[in-house]
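The values are calculated or read from the model by the stated rules, or taken from the named source; none is laboratory data. Keep in mind that this is a model prediction, so the values were computed, not measured. Using ideal geometry, Cβ is built from the backbone for each residue, glycine included, and neighbour counts are taken over all protein chains shown. Just so you know, the surface numbers come from the protein's heavy atoms only, side chains and all, with ligands and any DNA or RNA stripped out. Shrake-Rupley method; radii C 1.70, N 1.55, O 1.52, S 1.80 Å.
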Amino acid sequence: MGCEYIDSTNAGLDKQIFLWDVNTLTALTATNNTVTTSSLNGQKDSIYSLAMNQAGTVVVSGSTEKVLRVWDPRSCAKIMKLKGHTDNVKTLLVNKDGTQCLSGSSDGTVRLWSLGQQRCLATYRMHTEGVWAMRANDAFTTFYSGGRDCRIYQTEIRNPENSLLICEENAAILTIELTPDQNSLWVATTRSNINKWSLEGVEETESNRMSGDFDNGPLKPVCTVPSYVVKGGPSITQFHILNDKRHIITKDTENKVALYDVLTARKVEDLGDVDFEVEIKNRHKMVYVPHWFSVDLKIGMLCIHLEENDCFAAWVSSKDVGLGPADGPETKVNFGGLLLQALLEHWPRTHTIEPEEIPHANNGMDTTSDEAKIPRDTSTGTLRTGNGYFSVLGHTPVIFSEVGGRTLFRFLCRDAGGDSERMLLNETVPQWVVDITVDKNQPKFNKISFFLQSHSTSGTKTLKKDRLSASDMLQVRKVVEHVYEKVMGADSTPAATPNGKNGGSDAEGEDFSSISEEKVELLCQDQVLDPNMDLRTVKHFIWKSGGDLTLQYRSKQH
């Protein structure tokens, strides 16, 4: 694609600027889908603003480098660098003929530049905080600016000493758009509503016109109420991850509190207008589960991030978290693994192949068509996919990105089986996700080392401490059973049959557990431990020290 046909540009935090031919993009088809772009090189920092004149003869970029860089997109050559701002350049405007440029910065100023003379012509200082958005009229004689101070000013370019305060928003201003008739402004902020502010009848008054000397009193906006509001949904402003590392309590812009389930990717309950901190306190449980995800609220919604380093840190008991039938066996499940399997359950590559279900299977290798390779329940004919416990809603969005944040592929869960999505997933999904979802490899269990010794009040002397190692999910009652059986010699009596072994039944195992708890108690830091507590919870809430956990036992006093 030749640079002389450039219609559009885009840039980002990766320091790259690309030039696009819009006519070529709109002519793409399923078979003709290859696009060649040109790029402008030389930007040293992440790009936060970009502007081009209508004729496509000038491109200007702003960045955290605090300078403006100017290119000729026809030759892809860098023309100049303009210095003057003292902070990130967040917004840019270029006039039609490409001779002048306006720049707004986090330093709170707007600057007018002559691109021909390569110098700053004027500096406007009406804002008290960073300028994030600007628009100018068609004649490039008046511009409108807003930003972090929530105020929108109208300023005449040739008269930089005077600015008119048009309106004051209730949140930082992100975008300003001038209507085609230039009689109104559409304004988007960090809140979800979009407001329309009328410019009709705006007249200069002493109360809303500020001088360059800043010697007049508090300004009053010309408009106090928007002429039209596009109502948006409430956005989440606060969150708290509960100790179970599964549920999150949120508070939104309307002060409504809600409960979300990260594991199943859905809202569980609207709690209404309740005290956020009190709700957190009421739902606190003395249980410790390792962190396995992180959260951000950049788009006003909960965005859950899963990373290889800690995604598989949280092992839990299926019964403790309400997964599977209540009368079923107790199994260990991994939160991160279950969520990944649910998010990708529509991706055919994750479907488990059972050779006995597929005709013509030979020694576990399928020799039939692709259609037969999709596993189905032999009784119902339905697909057998996912994690076997739950599914997430089909419209749940999933994004695969690089470590630096660059998006590689985004899709909806339900679309993972589409032809193009399947191909892109095959190219995009990292190996650590494939290991869990496709190869069905289980993450490694977390181990914890601890010392076991008799308590000082037990009346017995221990020459050495026993150093043991076990799953960090091991319950205190299992350690109590170990002490009762192995240390106190309870296995020498016929009634003592731990866990139903040695020919005993499950009922006998439960009896042994009950007997153990009646005879022995376990302590940490001189605090008697609940038999239902696991070792990682003991270490986090009671031990609270470095090094290996130390547990002490003694006979119960009756």
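Worth a mention:
- Rounded accessible area of Arg125 (nearest 10 Å², 1.4 Å probe): 140 Å²
- Rounded if a/c under 1.5, otherwise prolate or oblate - the stretch 54-114, Cα gyration tensor axes: prolate
- Accessible area of Cys76 in the full protein assembly, 1.4 Å probe (Å², nearest 10): 40 Å²
- Taking the stretch 282-305 and a reference point 7 angstrom along Cα→Cβ of Lys332, the backbone N atoms nearer than 14 Å belong to 290.
- Estimated FRET transfer efficiency when R0 is 45 angstrom, pair Asp261-Thr175 (beta carbons, to 0.05): 0.85
- Euclidean distance between Cα centres, the stretch 421-485 to the stretch 271-332, Å: 19 Å
- Computing FRET efficiency as 1/(1 + (r/R0)^6) for Ser401 and His240, where r is the C-beta to C-beta distance and R0 is 25 Å, gives about 0.50.
- Solvent-accessible surface (1.4 angstrom probe) belonging to Ile280, in square angstrom, nearest 10: 20 Å²
- Under the Karplus curve 6.51 cos²θ - 1.76 cosθ + 1.60, θ = phi - 60°, whole-Hz ³J(HN,Hα) for the stretch 112-119, x wherever Gly or Pro sits: 9, 10, 9, 6, x, 8, 6, 8
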